[in-house]
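To start, the structure itself, in structure tokens.
The values are calculated or read from the model by the stated rules, or taken from the named source; none is laboratory data. Quantities reported herein were computed from a predicted structural model and do not represent experimental measurements. Cβ atoms come from the backbone with ideal geometry, glycine included; neighbour counts cover every protein chain shown.
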Amino acid sequence: MQHTRGAGTTSDEIRTYLSAQRTLLAWIRTAVALMGFGFLVARFGLFVREMMIARGIEPARSAGWSLWIGTTLVILGAAMNSFAAARHIELVRSFRSRELSRIRRSWFELGLSVILALVGLVMAYYLLLLGT
């Protein structure tokens, strides 16, 4: 049994839309975790160098693989945020095409996703600029 809310929007449609918003936020959360893990991996090379210096061992001049793997994870997280925002916009358009009057874009969530994607790109640039 479907209950009507507003001008032709059913409770099932509203539930589906809210589920799409939760999915967007889950993608954002996953992407932020991936970017944080990537930053940690990229800076791990610096930690290893400091430990080698503390033990009196000459550290390698190269940053090693940690910088490149970590930076790749950060870029992947930024791309994931961008993809999640694009997918959500597409989904909202499909809802709107069925003329559901109460469905609107999630400007906060979309803005958060775009800002976090930009932060990820800045982090990647920082990692590559400084190296280890």
Looking at region 55-72 only, could you name the residues that are modelled with pLDDT under 85, among the aliphatic types (A, V, I, L, M) and not in a loop (DSSP other than H, G, I, E, B)?
LEU67
Scan ALA26, ALA85, ALA31 and give me the residue that is among the aliphatic types (A, V, I, L, M) and surrounded by fewer than 21 Cβ atoms within 10 Å (Cβ to Cβ).
ALA26
So which residues in region 10-23 are farther than 14 Å from SER106 by Cβ, out of contact with any helix residue (DSSP H, G or I) (no Cβ under 9 Å at 6 or more places or on another chain) and either surrounded by 14 or more Cβ atoms within 10 Å (Cβ to Cβ) or modelled with pLDDT of 85 or more (or both)?
THR10
With at pLDDT 85 or above, in a helix (DSSP H, G or I) and of a type outside the set (S, T, N, Q) as the only criterion, which of GLY45, GLY38 stands out?
GLY38
Among the residues of region 98-107, are any surrounded by 15 or more Cβ atoms within 10 Å (Cβ to Cβ), in contact with a strand residue (DSSP E or B) (Cβ under 6 Å, 6 or more places away or on another chain), modelled with pLDDT under 85 and not in a helix (DSSP H, G or I)?
yes
State which residue is nearest to GLU109 (Cα to Cα) when the search covers only region 34-82 and only residues that are surrounded by 13 or more Cβ atoms within 10 Å (Cβ to Cβ) and of a type in the set (Ser, Thr, Tyr).
SER82
Taking the options ALA31, ALA26, ALA85, name whichever one is touching a Ser or Thr at 6+ places or on another chain (Cβ under 6 Å), part of a helix (DSSP H, G or I) and among the hydrophobic types (A, V, I, L, M, F, W, C).
ALA85
I'd like to check something: does region 122-130 contain any residue that is at pLDDT 85 or above, exposed (fewer than 13 other Cβ atoms within 10 Å of the Cβ) and either touching a strand residue (DSSP E or B) at 6+ places or on another chain (Cβ under 8 Å) or among the aliphatic types (A, V, I, L, M) (or both)?
yes
Just to check your reading of the model, which residue among ILE75, ILE115, ILE89 is under 15 Å from TYR17 (Cα atoms) and modelled with pLDDT of 80 or more?
ILE89
